[in-house]
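The values are calculated or read from the model by the stated rules, or taken from the named source; none is laboratory data. On a predicted model such as this, the values are computed, not experimentally measured, just so you know. Note that each Cβ is placed from the backbone with ideal geometry, even for glycine, and that neighbours are counted across all protein chains shown.
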């Protein structure tokens, strides 16, 4: 009879995807700690190289700025922390929409990005109002 005597057995690992790709099941917690192909998990974000923008993906700097702002948005309790993180999340969406609009997309994408800016700013205003109404400093 094979017993482990209470020892934790390591989880099986899967081979890492080729550089520059990510698994369709990648949630940022896989063995490689991949974060959408950015290499490394959240723990080493300060040391990991920044992806450079390309014509097909102009967003890395905006994404990193948003993720860092969200990581630093901390309140006095979980509710306030949630509100502060969501403000940064919505600000990131506004920046991404502005960036895509700078490329002068046509039709539906232009309309969606423009509407996204309006909607996200409305959400930011509501979250900021909640902070003020609850005696918190708006961000």
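You will find that of 118, 114, the residue that is out of contact with any helix residue (DSSP H, G or I) (no Cβ under 8 Å at 6 or more places or on another chain) and over 21 Å from residue 68 (Cα atoms) is 118 and no other. Pairing residues of region 116-137 that are surrounded by fewer than 13 Cβ atoms within 10 Å (Cβ to Cβ) with residues that are assigned to a helix (DSSP H, G or I), at Cβ distances under 8 Å and at least 6 apart in sequence or on separate chains, gives 134/80; 137/131. In region 62-81, the residues that are more than 14 Å from residue 95 (Cα to Cα) reach residues that are assigned to a loop (DSSP other than H, G, I, E, B) and at pLDDT 95 or above with C-beta atoms within less than 8 angstrom, at least six apart or across chains, in these pairs: 75/136; 76/136; 80/134; 80/136; 81/73; 81/74; 81/75.
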